[in-house]
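Taking it in order: structure first as structure tokens, then the write-up.
The values are calculated or read from the model by the stated rules, or taken from the named source; none is laboratory data. These numbers were taken from a predicted model, which means no experiment stands behind them. Here the Cβ positions follow ideal geometry from the backbone for every residue, glycine too, while neighbour counts run over all protein chains shown. These accessible areas exclude ligands, DNA and RNA; they are computed on the full protein's heavy atoms, side chains included. Shrake-Rupley method; radii C 1.70, N 1.55, O 1.52, S 1.80 Å.
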Amino acid sequence: MASINKKHIALISVHGDPAIEFGKEEAGGQNVYVRKVGEALAKQGWQVDMFTRSSSATDPKIVQHTPNCRTIRLTAGPEKFVPRDNIFEYLPEFVDQLLKFQKQSGITYSLVHTNYWLSSWVGMQLTKIQGVPQVHTYHSLGAVKYKSVTTIPIIATTRLATEKAVLETASRIVATSPQEKEHMRSLVSQKGNIDIIPCGTDTRKFGSITKEAARAKLNISPETKVILYVGRFDQRKGIETLVRAVNRSKLRGQADLKLIIGGGSRPGQSDGKERDRIESIVGKLGMQEFTTFPGRLDETTLPTYYAAADVCVVPSHYEPFGLVTIEAMASGTPVVGSDVGGLQFTVVPEETGLLCPPKDEVAFAEAIDRILSNPEWRNELGDNARKRVEEMFSWDGVASQLGKLYEQLMAQSANDLTAVSA
Ligand code: UDP
């Protein structure tokens, strides 16, 4: 007979493999979120299984991260990279495989926490079949995203309908910022239960090295003005705005500038094409001499890059939360970001950084210049940024808030079951 363990929970992330190297192959905030939340919950006593779709036949099917936290890769569709817009058709198979896994291992999950709309569909099926409570985090909302892109994919109708259904039926939706909650209410549905629990970051890792030591490690002189971008190569990230802003900087030619654009990409794929496009703009503007593309920055080098920077720029057209922002802030580096979504929650203008209208290269140039030309103010902003992250955005704090929510929903679901059987 299957053992029912109240503390066994499933995190579902169909397209964002939590065991993959972060920063490449469409891997970004969601992969980091699921992995870090999973590990932090396990530390707090939960048994965490994280389910994802296998995208390579040679990858191990189970990766144990910590004693109570593992990634399980299910075979659903071809075992190769499939862009997220083409994954929907493999979801019924994913549900079957997940049910099969539970049967074979004898585990019954007390709660599922789904991530992104594809996984929300899986969670809704599990709720129908097993009555398990579902918590859902969107990571990106179709209703917002489709406003900022020129070509709407064929899957859009299915995505929008699924996002509405999960908002109205899940036990609880977790919005990562008040701005995201507002979008759900104004663009998706008035029905459903939403809590706000932010994303987190590792405040020990980010902030572990001083600016001086970081510069020495990266061979960057203390006088150089360093502007940093970290993230995926995706048009939505607005890297072009950053490049054009730096081109306009009043400090160009006056100071020793360095623009670092960090992030992984695969030649020929969408991120590789975006990187080529950005490199060609850098070339046309004659900025090659002071612009570098170090590629994917791994977990050990990332804190050094953030610490070495004078300013980190997050020029996204749309950003539901933006982990890079709080990683830079935790490292004591102010952020110049777009005045959109989660950035309006994490960045406090004039206190921890500055916000500019998205795509506005003139405003970005002015904001970057203001910070670069006043080192004392820059340090003040950086210190405030670090404090804000310590107070509001640590993974351990985020995991305790999620844990409390899970307990509440599990108790509620047990009560409902007793009421039904009475
Ligand atoms: N990232 C990384 N190495 C890189 C580029 C990005 O580890 O070279 C990580 C980054 O540190 C962050 C995540 O990828 O944790 C990006 O998350 P964010 O929420 O900023 O953006 P998303 O990718 O979700 O749009």
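I'd like the residue in region 364-422 that is outside any helix (DSSP H, G or I) and without any contact (Cβ under 8 Å) to a residue 24 or more places away in the chain and, out of all such residues, is surrounded by the fewest Cβ atoms within 10 Å (Cβ to Cβ). It would help to see each step written out before you state the result.
We begin by selecting, within region 364-422, every residue outside any helix (DSSP H, G or I); these are 373-374, 393-394, 422.
Cutting the leftovers down to without any contact (Cβ under 8 Å) to a residue 24 or more places away in the chain gives us 374, 422.
Numbers: ASN374: 12, ALA422: 5.
Among those residues, the one meeting the criterion is ALA422.
Condition check ((1) modelled with pLDDT of 95 or more; (2) under 27 Å from the mean Cα position of the chain (by Cα)) across all residues:
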| position | (1), (2) |
| --- | --- |
| ILE209 | yes, yes |
| ILE220 | yes, no |
| TYR229 | yes, yes |
| ARG232 | no, yes |
| GLY238 | yes, yes |
| LEU242 | yes, yes |
| ARG248 | yes, no |
| ILE260 | yes, yes |
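Checking each residue in region 315-336 for being open to solvent by 10 Å² or more (accessible area, probe 1.4 Å), within 12 Å of the ligand (Cβ to nearest atom) and under 22 Å from ILE220 (Cα atoms) picks out VAL324, GLU327, SER331.
For region 67-75, the criterion of being over 18 Å from the mean Cα position of the chain (by Cα) and in contact (Cβ under 8 Å) with a residue 60 or more places away in the chain is met by no residue. Out of the residues in region 305-314 meeting the condition of being outside any loop (DSSP other than H, G, I, E, B) and either farther than 10 Å from PHE206 by Cβ or free of Cβ contacts under 8 Å to residues at least 60 places away in the same chain (or both), tell me which one is most open to solvent (accessible area, probe 1.4 Å). This residue is TYR305. For region 287-296, enumerate the residues that are within 12 Å of the ligand (Cβ to nearest atom) and either β-branched (Val, Ile, Thr) or open to solvent by less than 20 Å² (accessible area, probe 1.4 Å) (or both). Within region 287-296, GLY295 is the sole residue that qualifies.
In region 297-314, what residues are more than 9 Å from the ligand (Cβ to nearest atom), in contact with a strand residue (DSSP E or B) (Cβ under 6 Å, 6 or more places away or on another chain) and within 17 Å of GLY29 (Cα to Cα)? Of everything in region 297-314, those that are more than 9 Å from the ligand (Cβ to nearest atom), in contact with a strand residue (DSSP E or B) (Cβ under 6 Å, 6 or more places away or on another chain) and within 17 Å of GLY29 (Cα to Cα) turn out to be CYS312, VAL313. Among the residues of region 217-237, the ones that are touching a helix residue (DSSP H, G or I) at 6+ places or on another chain (Cβ under 9 Å) and either assigned to a helix (DSSP H, G or I) or open to solvent by 40 Å² or more (accessible area, probe 1.4 Å) (or both) come to 10 in all.
Counting only residues that are part of a strand (DSSP E or B) and either crowded, with 19+ Cβ neighbours inside 10 Å or free of Cβ contacts under 8 Å to residues at least 60 places away in the same chain (or both), how many does region 171-209 have? Break it down stepwise before answering.
Of region 171-209, the ones part of a strand (DSSP E or B) are 172-175, 194-196, 201.
Filter once more, keeping what is either crowded, with 19+ Cβ neighbours inside 10 Å or free of Cβ contacts under 8 Å to residues at least 60 places away in the same chain (or both): 172-175, 194, 196, 201.
Number satisfying all stated conditions: 7.
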